[in-house]
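A short write-up of the structure that comes next.
The values are calculated or read from the model by the stated rules, or taken from the named source; none is laboratory data. Since this is a predicted model, take the numbers as computed values, not measurements. Here the Cβ positions follow ideal geometry from the backbone for every residue, glycine too, while neighbour counts run over all protein chains shown. The area values use the complete protein model at the heavy-atom level, side chains included, leaving out ligands, DNA and RNA. Shrake-Rupley method; radii C 1.70, N 1.55, O 1.52, S 1.80 Å.
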Amino acid sequence: MIHECLNRGCPFFGDRLPVYVVDDDVYRWAPSVLVGNVDKLAQLGQQANFRILLGQAMARCPKHGSRRFWIGCGLFGCRETLRPVPPVSGA
């Protein structure tokens, strides 16, 4: 799902807005702000990709975003070489 700005005064006019609503997109692009309801938190223990939102991405496809595992991009047919994601240092 793509959100596009049609307001000519918007800096994103004619371009994609950085808004993701599909779970796979949220995991791949790991947004800074996550708006959701309690059922998203319930996935914390059941969905390995949820760890990406907590800074635990292991690899990144240059075209399609973060991955939790080194198994390939995750988008069917993508042959890009995954790159390592540096570990997040704690404060």
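One line per residue, one yes/no per condition, for (1) among the polar types (S, T, N, Q); (2) over 29 Å from TRP70 (Cβ atoms); (3) without any contact (Cβ under 8 Å) to a residue 24 or more places away in the chain; (4) out of contact with any Cys (no Cβ under 8 Å at 6 or more places or on another chain):
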position: GLU4; (1), (2), (3), (4): no, yes, yes, yes
position: ARG8; (1), (2), (3), (4): no, yes, yes, yes
position: GLY14; (1), (2), (3), (4): no, yes, yes, no
position: VAL22; (1), (2), (3), (4): no, no, yes, yes
position: TYR27; (1), (2), (3), (4): no, no, no, yes
position: ALA30; (1), (2), (3), (4): no, no, no, yes
position: LEU41; (1), (2), (3), (4): no, no, yes, yes
Quick one: in region 45-58, which of the residues that are open to solvent by 60 Å² or more (accessible area, probe 1.4 Å) and in a loop (DSSP other than H, G, I, E, B) is nearest to ILE2 (Cα to Cα)? GLN47
Hits in region 20-32 - residues which are of a type in the set (A, V, I, L, M) and either in a loop (DSSP other than H, G, I, E, B) or open to solvent by 60 Å² or more (accessible area, probe 1.4 Å) (or both): VAL21, VAL22, ALA30
Which of (1) out of contact with any Phe, Trp or Tyr (no Cβ under 8 Å at 6 or more places or on another chain); (2) touching a residue at least 12 places away in the same chain (Cβ under 8 Å) does PRO18 not meet, given it meets every other one? (1)
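Residue-by-condition table, conditions (1) assigned to a loop (DSSP other than H, G, I, E, B); (2) exposed (fewer than 12 other Cβ atoms within 10 Å of the Cβ):
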position: MET1; (1), (2): yes, yes
position: PRO18; (1), (2): yes, yes
position: LEU34; (1), (2): yes, yes
position: GLN43; (1), (2): no, no
position: ARG60; (1), (2): no, no
position: SER66; (1), (2): no, no
position: LEU75; (1), (2): yes, no
